[in-house]
Amino acid sequence: MTLNRKLPLAGAALAATLLHLSAHGGFVTVPVQAAGTQPLVSINPKINLDTPTETQDRANTLGTLTGADIASALPAGTILKASRTAPIVINGVTVGTLHDRVWCAGSGSTCNATNSYTLGLRVQLNTAAWNPSGQSFELNDIFRAIRAAVAADVAYYRGSANPLPTAAPFPATQPAPGTNVETASSYKDLEVVGRTLQGLFEPSGSAQYAAKTTNNAWIDFRVDVNKNDPDVAIPYSYNSEWSPWLVVRQVCPSGYNATPQALKARLWQGGEEGQAPQAILTSAYVCN
């Protein structure tokens, strides 16, 4: 059962109109934010919160990248510079895998003078019990460190393997998402983004899409990832063991650090269905 925390209408309207975003694909720019608090930028937030028909609008393509795989979904002239995988571990239990990438604008193996770099994260979770509740780990927010002083362009890639349709009828059984990190499908979309290090229900008791304390050195991707999700209600929602590919593009004058830096990614379980709130801090690539 989901907790009954609602989005205030005024906050919803402000988030929906921020930056005058419209329902189309491609990167969405999140500028440097003023100190204080900020509304989250609405991408594809959940509809009918805390009801059996809680869902997302699959026809909403705001912020989406499309292609046969993540490489072809990125803009032409984008080249891969670094790629790594790492286990996601909590209480000594491996609950999933983190995939971390760096791309740049360039050709061959050489980045060009624009210094435009794209950092990407994707996670795949399993059903391992990591605490006495016996529940699988759920991710509600995925944060990564970014350059604080410049705008950030964000987008997400749903995947191409057995994707959900954009309109009804939706599958009557749980789809198989695929196993290839390049193409596997996420069955939950990116909900909101923000330049903050506060996730779902942070601080405790806050509304689901409440404004957050600004932290320009981090980008927050709100997305529901769980291979055994307690609030699944087919055909309105499905288990999503894969997150989308979550990408952020910035100008990085000194390129990127080829050594993943400690504590530069934060994976947050916020307790959407009453789970224990839990953060996992891990390494990630960063722009210099």
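The values are calculated or read from the model by the stated rules, or taken from the named source; none is laboratory data. Because the structure is predicted, anything quoted here is derived from the model rather than measured. Every residue, glycine among them, receives a Cβ derived from its backbone with ideal geometry; neighbour counts consider all protein chains shown. The protein model used for the area step is the full one, side chains on, heavy atoms only, and it has no ligands, DNA or RNA in it. Shrake-Rupley method; radii C 1.70, N 1.55, O 1.52, S 1.80 Å.
The label point for Leu80 and the one for Ser107, both projected 7 Å from the Cα toward the Cβ, are 2.1 nm apart. Rounded to whole numbers, the Karplus 3J(HN,Hα) couplings from phi for the range 151-167 are 4, 10, 9, 10, 6, 9, 10, 6, x, 10, 7, 6, x, 6, x, 8, 8 Hz, using 6.51 cos²θ - 1.76 cosθ + 1.60 with θ = phi - 60°, and x at Gly and Pro. Toward the positive end of the charge dipole of the range 59-170, with +1 on the Cβ of Lys and Arg and -1 on the Cβ of Asp and Glu, the farthest Cα among Asn126, Ser136, Leu80 is that of Leu80.
Summarising the amide proton neighbourhood of Leu65: residues at separation of 5 or more, or on other chains, whose placed amide H is nearer than 5 Å comprise Gly26, Tyr156, Tyr157, Arg158. Toward the positive end of the charge dipole of the range 155-278, with +1 on the Cβ of Lys and Arg and -1 on the Cβ of Asp and Glu, the farthest Cα among Gly205, Ser254, Ser240 is that of Ser254.
Couplings 3J(HN,Hα) for the range 238-252, derived from phi with the Karplus relation 6.51 cos²θ - 1.76 cosθ + 1.60 (θ = phi - 60°), are 9, 4, 9, 6, 9, 7, x, 5, 10, 10, 9, 10, 9, 7, 10 Hz, where x marks Gly and Pro. Over the residues of the chain, the helix contribution to mean residue ellipticity at 222 nm works out to -1000 deg cm²/dmol, using -39500 (n - 2.57) for each DSSP H run of at least 4.
Sequentially through the range 33-49, phi angles give Karplus couplings (6.51, -1.76, 1.60; θ = phi - 60°) of 9, 6, 4, x, 10, 9, x, 6, 7, 6, 10, 9, x, 5, 10, 6, 3 Hz, Gly and Pro residues having no value and appearing as x. Considered as an equivalent ellipsoid built on the Cα gyration tensor, the range 177-288 has semi-axes of 26, 20, 13 Å, the largest given first. Each residue, Val93 and Thr173, gets one label point 7 Å from its Cα in the Cβ direction; the gap between the two is 2.8 nm.
What the pair-distance distribution of the range 137-189 shows, using all Cα-Cα distances binned every 10 Å from zero, is 18, 39, 29, 12, 2 percent. Over the Cα atoms of the chain, each weighted equally, I'd like the Debye log10 I(q)/I(0) at q = 0.09, 0.16 Å⁻¹, rounded to two decimals. Cα-only, vacuum Debye calculation for the chain: -0.39, -1.37. Which percent of Cα pairs goes in each bin when the distances of the range 92-163 are cut into 5 angstrom slices starting at zero? For the range 92-163, the pair-distance distribution reads 3, 10, 17, 17, 17, 13, 10, 7, 3, 2, 0. When the Cα gyration tensor is reduced to axis lengths a ≥ b ≥ c, the ratio a/c is 1.5 or higher for the range 100-214, and with a/b not above b/c it is classed as oblate.
For the range 132-288, carbon and sulfur atoms together expose 55% of the accessible surface, with a 1.4 angstrom probe and every protein chain in place.
Per residue, the chain exposes an accessible area of 40 Å² to a 1.4 Å probe, with every protein chain left in place.
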